[in-house]
Amino acid sequence: MAKRKSDINTRNADALSLGDAISQYLKYFKIEEKFNQTALLTHWEKIMGKTVASRTEQIYISKKILYLKINSAPLKNELSLSKQKVLDLISKEIGEGVIEDIKIR
């Protein structure tokens, strides 16, 4: 029996997009936060640019705080003054609530 055109164009109400399915999977196994943190570390250069990334000696996350070790005093100062902008860039790229504060040394 041939499918009607209207049957082909309708979606199953239970069907999820791939992105939604992955998101539900990460939430179910309670690994969404770790996944987002890993994405941040992986995409640091894309988020902050090559200059900042090349001067970042160490980067890690603990309890939603991003710790950075920067090898340039002027850049440390600039990042310290621009913490909220950095947080906004991270939220835009990775998602809200991944990072709550930044500590720079």
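The values are calculated or read from the model by the stated rules, or taken from the named source; none is laboratory data. The shown structure was predicted, so the numbers you read here are calculated from the model rather than taken from an experiment. Note that we place each Cβ from the backbone using ideal geometry, even for glycine, and neighbour counts take in every protein chain shown.
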Going residue by residue through region 46-62, is there one that turns out to be touching a Leu at 6+ places or on another chain (Cβ under 8 Å) and part of a loop (DSSP other than H, G, I, E, B)?
yes
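When you scan region 28-48, how many residues do you find that are in contact (Cβ under 8 Å) with a residue 24 or more places away in the chain and not acidic (Asp, Glu)? Outline the logic, then answer.
Residues of region 28-48 that are in contact (Cβ under 8 Å) with a residue 24 or more places away in the chain, as a first pass: 33, 36-37, 39-40, 43, 46-48.
So of that shortlist, the ones also not acidic (Asp, Glu) come out as 36-37, 39-40, 43, 46-48.
Summing the residues that are in contact (Cβ under 8 Å) with a residue 24 or more places away in the chain and not acidic (Asp, Glu) in region 28-48 gives 8.
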Flag for residue 69 being at positive phi and either out of contact with any His (no Cβ under 8 Å at 6 or more places or on another chain) or part of a loop (DSSP other than H, G, I, E, B) (or both):
no
Out of (1) surrounded by 11 or more Cβ atoms within 10 Å (Cβ to Cβ); (2) modelled with pLDDT under 90; (3) not β-branched (Val, Ile, Thr), the odd one out for residue 37 is which?
(2)
